[in-house]
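> One structure is given below, represented as structure tokens, and several questions about it will come after.
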Amino acid sequence: MEIPMTRAEVLKLEHGDEVKWNDPDDDACSRFIVIRTIEVRENDIVVIHGKDGSYLECFCEELS
């Protein structure tokens, strides 16, 4: 089982770091993302643009 990240841990992430998104739907679409840009918004919502052009919007606790 993956250990979820806290908001404080997510705030330390930066360009080039790799994170795993843990899909809350039984891991159906979980994946690793290398961060190009990251923004933490209200209510612990995280917006990540990946170096491969991918886009992810999730909650902090869905990352590990």
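> Does the range 31-64 hold any residues that are without any contact (Cβ under 8 Å) to a residue 24 or more places away in the chain and touching a helix residue (DSSP H, G or I) at 6+ places or on another chain (Cβ under 9 Å), and which are they?
Ile45, Phe59
> Continuing with the same structure: For the chain, which fully contained strands (runs of 3 or more DSSP E) count at least 3 residues that are among the aliphatic types (A, V, I, L, M) and touching an Asp or Glu at 6+ places or on another chain (Cβ under 8 Å)?
Because the criterion is at least 3 residues that are among the aliphatic types (A, V, I, L, M) and touching an Asp or Glu at 6+ places or on another chain (Cβ under 8 Å), the strands (runs of 3 or more DSSP E) in the chain that meet it are 31-40, 45-50.
Each reported figure results from applying straightforward, stated rules to the coordinates on display, with no laboratory input. Since we're looking at a predicted model, the values are computed, not measured. Every residue, glycine as well, gets a Cβ built from its backbone with ideal geometry; the counts of neighbours run over all protein chains shown.
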